1. Do any strands (runs of 3 or more DSSP E) entirely within the range 119-225 hold 3 or more residues that are free of Cβ contacts under 8 Å to residues at least 60 places away in the same chain and either over 30 Å from D44 (Cβ atoms) or of a type in the set (A, V, I, L, M) (or both), and if so, which?
2. With the requirement that a residue be of a type in the set (G, A, S) and touching a strand residue (DSSP E or B) at 6+ places or on another chain (Cβ under 8 Å), what does the range 94-126 give you?
3. Only one of L141, L108, L135, L127 is within 18 Å of the chain's Cα centre (by Cα), surrounded by 15 or more Cβ atoms within 10 Å (Cβ to Cβ) and closer than 21 Å to M195 by Cα; which?
4. State which residue is nearest to the chain's Cα centre (by Cα) when the search covers only the range 208-225 and only residues that are over 11 Å from H192 (Cβ atoms) and modelled with pLDDT under 95.
5. So E205 clears everything in (1) of a type outside the set (A, V, I, L, M, F, W, C); (2) surrounded by fewer than 14 Cβ atoms within 10 Å (Cβ to Cβ); (3) modelled with pLDDT under 95 except one condition, right? Which one?
6. Examine the range 73-89 for a residue that is farther than 26 Å from A156 by Cα, within 19 Å of the chain's Cα centre (by Cα) and surrounded by 13 or more Cβ atoms within 10 Å (Cβ to Cβ), and state whether such a residue exists.
7. Are any of the residues in the range 92-103 assigned to a strand (DSSP E or B) and on the phi > 0 side of the Ramachandran plot?
Amino acid sequence: MVLVALAFASPAAAQHQQQHHRVQATPNNDIWLTNAVGIEYAIDQRWSFHLETQLQIDRDITRLRDLQVRPGFEYAFSPQWAAAAGYVQYQRYPAPLRTTRGPFQDLLHRSKFGKINFAARLRGEELFFENTALLVRTRMLAGIRIPIGESPWEFAFSDEIFINLKVDGTGRQAGLHQNRTYVGFGRPVGEHLKMSAGYELDTYEAQGMYRNVHQIRLGFAYRLN
């Protein structure tokens, strides 16, 4: 319903919303709702296709903020190591407020200790803004998933660090920019579908000050084969 309302809003109203959005920074300790959907398709024993989408609602879960779409391909060198590459687009709302897009590259490591799963990811992103600004950054994530007894549920914890390498025209500073810490629970729902829910503390730097965002995250991951 929110998307329909944005699509049919009058130009004057859209312009007013756009100007209003530009002058307001994200409030400290804002509460967001993030809905994530992931789709995986195994092409063969080594190659697979992945599609990740996220829809975020901010301002204490009252306003549509952005849609993120990330398609990519992964190649497994071994059961533990893989590389991936693809494209990402961040569409901010109200449209056409700002669109950021560009390629990404991943190096992934997955391992197990008994029933405990470990995962690590090193990601590079080259993001192009509509005003010709360029942001080059790296993201380092480490996570763990622990089964809860004999139940189908598992506990998940992860931490991700963002480091800005090139910030031409973005108004951001180079160096450590953001940290995301996630805790949550997940379980399979059927043979190919898995659901998760949790809390993420997102701390980031903006104009020399650090702000916190509290995210409620709901996720679904679906394997096509």
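1. Ranges flagged: 134-147, 154-166, 175-188, 193-206.
2. The answer is G102, S111, A119, A120, G124.
3. Details: L108 fails: closer than 21 Å to M195 by Cα; L135 fails: closer than 21 Å to M195 by Cα; L127 fails: closer than 21 Å to M195 by Cα.
It is L141.
4. Among residues in the range 208-225 that are over 11 Å from H192 (Cβ atoms) and modelled with pLDDT under 95, the one nearest to the chain's Cα centre (by Cα) is R211.
5. (2)
6. yes
7. Narrowing the range 92-103 to residues assigned to a strand (DSSP E or B): 92, 98-103.
Keeping just the survivors that are on the phi > 0 side of the Ramachandran plot gives 102.
Checked the range 92-103: at least one residue is assigned to a strand (DSSP E or B) and on the phi > 0 side of the Ramachandran plot.
Residue-by-condition table, conditions (1) assigned to a strand (DSSP E or B); (2) modelled with pLDDT of 50 or more; (3) touching a Leu at 6+ places or on another chain (Cβ under 9 Å); (4) closer than 28 Å to F220 by Cβ:
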{"position": "Q15", "(1), (2), (3), (4)": "no, no, no, no"}
{"position": "L51", "(1), (2), (3), (4)": "yes, yes, no, yes"}
{"position": "D66", "(1), (2), (3), (4)": "yes, yes, yes, yes"}
{"position": "G72", "(1), (2), (3), (4)": "yes, yes, yes, yes"}
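The values are calculated or read from the model by the stated rules, or taken from the named source; none is laboratory data. None of these values were measured; they are calculated from a predicted model. Here the Cβ is made from the backbone with ideal geometry for all residues, glycine too, and neighbour counts use every protein chain on show.
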